[in-house]
Amino acid sequence: MGIVSLARESLGRGEQTGQHIARFRNKCGLSVGGVLPFRVRRTREETMQEERRRNRSNDLAIALGLQLHHSATRAKFKSLVLSEELGLLVAAAGEKREYEELAALAPLLVGNRRYWQGTVQTEAGNEQVTVARVETPFGTFFLSGIAGMASAILTEMLQSSEGVARIVS
């Protein structure tokens, strides 16, 4: 096992920096004063992925809420809402005042399409809204986001839709 794979293995188990350096030194035969040939750094995405994997739930409502929270954070959505075919709220993340309104509008906005994006007049004013249809074995759901970082909206809606489908299946 190489030193890089040892680093990934120990960081994956959540060892503290001092613990994994000591472990490497022992495995590599370095003395206490020895210097490691590299520095292990974790990207922000790796850290978020690890945190997301630790924050799981067997409770459907909590699992969906966590999924939406992480997606809303990554794409910087003001609100991200999951609703069912009648427009009833299933789960949400972000600003609470828009949850019910966005849930009710989602099925009407997307219609028979897989995806819809446009401006909607809400109680808070004109909002940029994105809606994606999520087909699951248990029915159709609608994932709706308000605002968001333009470069991340489509990717995050797709990833979040896949996550929702996985959770409810």
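The values are calculated or read from the model by the stated rules, or taken from the named source; none is laboratory data. Everything quoted here is computed from the prediction, not taken from an experiment. Here the Cβ is made from the backbone with ideal geometry for all residues, glycine too, and neighbour counts use every protein chain on show.
Among the residues of segment 137-155, those identified as at pLDDT 90 or above and under 19 Å from the mean Cα position of the chain (by Cα) are Phe141, Phe142, Leu143, Ser144, Gly145, Ile146.
Residue pairs whose Cβ atoms lie under 7 Å apart, sitting 6 or more positions apart in sequence or on different chains, and linking a residue in segment 59-72 that is in the same structural domain as Glu156 (by TED's automatic domain parsing) and part of a helix (DSSP H, G or I) to a partner that is charged (D, E, K, R) and surrounded by 21 or more Cβ atoms within 10 Å (Cβ to Cβ), are Ser71/Glu156.
Of all the numbered requirements in (1) closer than 20 Å to Glu85 by Cβ; (2) surrounded by fewer than 20 Cβ atoms within 10 Å (Cβ to Cβ), Leu105 misses one, and that requirement is (2).
Against the condition under 21 Å from the mean Cα position of the chain (by Cα) and within 16 Å of Ser79 (Cβ to Cβ), how does Leu102 come out, does it pass? Taking the combined requirement at face value, the residue satisfies it.
In segment 125-136 there is at least one residue that is modelled with pLDDT of 90 or more and in contact with a Gly (Cβ under 7 Å, 6 or more places away or on another chain). The criterion of at least 1 residues that are assigned by TED's automatic domain parsing to the domain that holds Gln67, in contact (Cβ under 8 Å) with a residue 40 or more places away in the chain and within 23 Å of Ile62 (Cα to Cα) is met, among strands (runs of 3 or more DSSP E) falling completely within segment 90-169, by 125-136, 139-147. Inside segment 122-139, can you point out the residues that are surrounded by 13 or more Cβ atoms within 10 Å (Cβ to Cβ) and either over 11 Å from Leu102 (Cβ atoms) or among the charged types (D, E, K, R) (or both)? Passing the criteria: Glu127, Gln128, Ala132, Arg133, Val134, Thr136.
Do the conditions hold for Lys78, that is, is it in contact (Cβ under 8 Å) with a residue 60 or more places away in the chain and surrounded by fewer than 20 Cβ atoms within 10 Å (Cβ to Cβ)?
yes
When only residues in segment 55-91 that are among the hydroxyl-bearing types (Ser, Thr, Tyr) and under 11 Å from the mean Cα position of the chain (by Cα) count, which is nearest to Ser169 (Cα to Cα)?
If we filter segment 55-91 for residues that are among the hydroxyl-bearing types (Ser, Thr, Tyr), which is where we start, we get 57, 71, 73, 79, 83.
Right, trim to under 11 Å from the mean Cα position of the chain (by Cα) and you get 71, 73.
Working: Ser71: 19, Thr73: 24 Å.
Among them, the one singled out is Ser71.
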